[in-house]
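Quick note: the coordinates plus some simple rules give every number you see, no bench work behind them. Bear in mind the structure is a predicted one, so any value in this text is a computation, not a measurement. Cβ placement follows ideal geometry from the backbone for every residue including glycine, while neighbour counts extend to all protein chains displayed.
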Amino acid sequence: MDKQLTCTVITPEQKVLETKATQVIVPAHDGLVGILDHRAPLVCELGAGNLRIDEAGGQSKNISIKGGFAQVLNNNVTILTEQATVN
């Protein structure tokens with residue numbers, strides 16, 4: 001079984017990142033939410049904070065985001081945010 005999901009980060013200006021990941025940790029408005037493969041569908045409001053993406057190759061990416069929404073559906077995590085800066 002494939003233990004990966006696709007994570008896409010989008011701002012109004014551009015697609016910031018699209019990558020395969022084993023885990024995504026999003027800063028929801030009320031705390032951190034960890035997302036693994038085959039998670040039940042989810043939509044949540046995001047707060048300001050650090051989005052962590054553990055990539056399939058073993059590396060991690062950290063992106064500072066400022067609000068927005070996260071959607072999880074069919075092993076795809078889509079982050080819509082006003083501002084995203086790759087650290």
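Of the strands (runs of 3 or more DSSP E) lying entirely inside segment 47-87, those containing at least 3 residues that are surrounded by 14 or more Cβ atoms within 10 Å (Cβ to Cβ), in contact (Cβ under 8 Å) with a residue 12 or more places away in the chain and touching a strand residue (DSSP E or B) at 6+ places or on another chain (Cβ under 6 Å) are 60-73, 76-80.
Taking segment 29-46 on its own, how many of its residues are touching a Gly at 6+ places or on another chain (Cβ under 8 Å) and surrounded by 16 or more Cβ atoms within 10 Å (Cβ to Cβ)? Looking only at that region, the number is 1.
Scanning segment 7-27 for residues that are surrounded by fewer than 15 Cβ atoms within 10 Å (Cβ to Cβ) and not acidic (D, E) gives P12, Q14, K15, K20.
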